[in-house]
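Just below is one structure, and these are the notes that go with it.
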Amino acid sequence: MRSTRTRPRRRPLIGQGRTPAPAVIHPERTGDPAVLRWVVHGVELPFVGPLLGAPGLDELFGAELTAVEAVPGALLVTAAPGGSWRELGPRVRTALVTALGRIGAWTPGPGARRLGPDETLRWCARELIDGQVGEIAAAHGGSIELVGACDGVVTVRMHGACRGCPAAVLTMRQRLETQLRRRVPGMRAVEEA
């Protein structure tokens, strides 16, 4: 008797008819209620600095958005005066996904500059260590120092109660490394100095 199980179809590789997966983004609050920080996963932004135009976003500039600024691993989006993120959020998310799918069509503003992969990785690692990952270490009586970032490898030094603690290795791997991999496509590893 012949098996009725079907073999799954192979999907073509990128460049062979397969379109890349859309960018994954999520918003975070900032100290300014008019500004949302949209964290970008899986896409390397082409520059840091002001964004003057991009497919999907162009229709929102002026009446609904006053500014979009690219920072390593995120976009800072400013709502126009009187704008509500509750109402704007879904439209901005759709516009950002469209824009991230067509990065080559972005128009940088004055002062925008390209970051190299090591600088992007260092910036994102610093942000995580100064933020949520560092807060976890501090809550356990320790701290994490960023030593460097080179060729996709982030080097850190553990201090205080974190030094030599087996749980610190889990924090470093599960929190820092996982978040960096999401934000910086070329990230290879996090190592302790």
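The values are calculated or read from the model by the stated rules, or taken from the named source; none is laboratory data. Since the structure is predicted, the reported quantities are computational estimates derived from the model, not experimental observations. Cβ atoms come from the backbone with ideal geometry, glycine included; neighbour counts cover every protein chain shown. Protein only, heavy atoms only, side chains kept; ligands, DNA and RNA dropped before computing areas. Shrake-Rupley method; radii C 1.70, N 1.55, O 1.52, S 1.80 Å.
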Over the chain: helical MRE at 222 nm, DSSP H runs n ≥ 4 each giving -39500 (n - 2.57), nearest 500: -7500 deg cm²/dmol
GNM on the chain, C-alpha springs below 10 Å: top fluctuator among Val24, Val169, Val39? Val169
State the extension gain, in nm to one decimal, for the chain segment bounded by Arg188 and Glu59, taking 0.36 nm per residue of separation less the distance between their alpha-carbons. 42.7 nm
About the Cα centre of the chain, what is the dipole size in debye to 20, counting +1 per Lys and Arg Cβ and -1 per Asp and Glu Cβ, all else neutral? 1360 debye
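Do me a favour and compute the ellipsoid semi-axes for region 63-124 from its Cα gyration tensor, root of five times each eigenvalue, largest one first, whole Å.
Numbers: eigenvalues 114, 33, 30 Å².
Semi-axes (√(5λ), whole Å): 24, 13, 12.
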Round to the nearest 0.05 the FRET efficiency obtained for His26 and Arg91 when R0 = 22 Å and r is the Cβ-Cβ distance. 0.90
On the accessible surface of region 28-170, probed at 1.4 Å, how many percent belong to carbon and sulfur atoms? 56 percent
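When the chain is fully extended, how far beyond the present Cα-Cα distance does Ala80 get from Thr66, taking 0.36 nm per residue of separation? Write down the numbers at each step before the final one.
Values: separation 14, 0.36 × 14 = 5.04 nm, distance 0.52 nm.
Net length gain for the segment: 4.5 nm.
When a/c reaches 1.5 or more, the comparison of a/b and b/c decides; with that in mind, is the chain rounded, prolate or oblate per its Cα gyration tensor?
Working: a/c = 1.85, a/b = 1.13, b/c = 1.64.
Taking the square roots of the gyration eigenvalues as a ≥ b ≥ c, the chain is oblate.
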